[in-house]
Amino acid sequence: MLQQTTVPAVKSYFERFTALWPTVNDLAAAPEDLILKEWAGLGYYARARNLYKCACAVTKEYGGIFPDTEDELIQLPGIGPYSAAAITSIAYNKQATVVDGNVERIVSRLAALEEPLPQSKKTIKELAVHLYQDIGPRASDMPQALMDLGSMICTPKSPTCGLCPISQYCKARKSGDQEKYPVKSKKAPKPTRIGEVYWLETSSGEILVEKRLNDRMLGGMMALPGSNWDNNASQEEEALSSITHVKNWEECGKIKHVFTHFTLILTVRKAGISKKNLILNKNQHLVSIKDIGDLGFPSLYKKVSNMILTFDSSGNRNE
DNA sequence: CACCCGTGGTC
DNA sequence: TGACCAAGGGT
């Protein structure tokens, strides 16, 4: 959960997950859809699918006990170089070179690396090896000490070098230009994509929702139907090919949502539909409007439903 | 290796 | 408001 996500954001999710599924075996026995629902709002949804795959693998191949070597750990779904090293060190108290974003920043500053991230990752790892050598019987303390140093003292902005226990070894500190590091490559400008999203409501107050395909954005998550997001043309016809005779669209406004590598602007439209003429594909179903909050919408679709519900209750409808 | 993948907080 | 950032991993 903590991969690219802050402790405050994770905390309540972690508590709920470990209460629902106290052991790896429990998680492996859970329905994947329920895991995704519980993950809703945390982002990077492939992590949830990988977590489930990982629990299944650990249950089947290791009897529910995580292996204790980096070589075995890194083969598990969702476990990469950082997590494999972190588990080896923190869970098993064995020597491992744990490099997260904090350690990257610390090493970049210690060595005053001019090579930018992410190209410098290899160099950083080679240098970090020395930080983790000959650290005695408490191997698990070093990665946590370094990560805490990075998050509290050697911070991205305004690091408090006066409190840093290793400032005497820091080349960036010596140069007085510590905020310059780590140097980062320029990132590509973030494009804007547009699309449409539909709120389709039956006369008995049910909404058409669908589960998104696994290999797309928000894969596996519940969603509202809509157009594709990847071009400027309205794909209304294609998006609604399974729905006959939708008329009397009401435009409700636009939703802006910023993803990691693009900004999305969705036009929100609503319409009444007749249950009779409805042909649902296998990923779609109707859900009562009062249950819409329990679906496990990712934030994008929460924004949309909040807009619609606010719109309705404020009496601003103009039909 | 470059790109893809969410979200909420901060300055 | 926008850019940056967070206990990265998969393809």
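Tabulated data
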| read-out | value |
| --- | --- |
| Integer Hz, Karplus 6.51/-1.76/1.60 couplings in order for segment A:297-302, x for Gly and Pro | 5, x, 4, 3, 7, 5 |
| Listed residues A:D177, A:D134 arranged by accessible area, highest first, probe 1.4 Å | A:D134, A:D177 |
| Sequence-separation-based contact order of chain A, relative, with Cα cut under 8 Å and 6+ spacing, percent | 15 |
| Rounded if a/c under 1.5, otherwise prolate or oblate - segment A:1-117, Cα gyration tensor axes | oblate |
| Within a Gaussian network of chain A (alpha carbon springs, distance under 10 Å), most fluctuating of A:I35, A:I87, A:I308 | A:I308 |
| Relative contact order (%) - segment A:1-113, alpha-carbon pairs under 8 angstrom, separation at least six | 17 |
| Area accessible to solvent at A:C164, 1.4 Å probe radius, in Å² | 30 |
| Principal-axis tilt of helix A:7-20 within chain A, Cα atoms, nearest 10 degrees | 70 |
| Beta bridges by DSSP in chain A, antiparallel share as percent, to the nearest 5 | 60 |
| Per DSSP, loop trypsin sites (Lys or Arg not before Pro) in segment A:83-172 with at most 11 further Cβ within 10 Å | A:R138, A:K157 |
| Cα-based reach from A:K11 at 14 Å (exclusive), listing aspartates and glutamates while leaving out same-chain residues under 8 positions away | A:E38 |
| Euclidean distance of C-alpha centroids, segment A:47-91 and segment A:188-218, integer Å | 33 |
| Rh (Kirkwood; distinct C-alpha pairs) - chain A, Å | 23.0 |
| Accessible surface of chain A [probe 1.4 Å, protein heavy atoms]: carbon and sulfur percent | 53 |
| Built amide H within the under 5 Å cut-off of A:A112, gap 5+ | A:K171, A:A172 |
| Surface accessible to a 1.4 Å probe, per residue, for the residues of chain A, Å² | 56 |
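The values are calculated or read from the model by the stated rules, or taken from the named source; none is laboratory data. Note that this is a predicted model, so its numbers are computed, not measured. Heads up, the Cβs are rebuilt from the backbone with ideal geometry, glycines too, and the neighbour counts pull from every protein chain shown. In case anyone asks, the SASA skips ligands and DNA or RNA and just uses the protein heavy atoms, side chains included. Shrake-Rupley method; radii C 1.70, N 1.55, O 1.52, S 1.80 Å.
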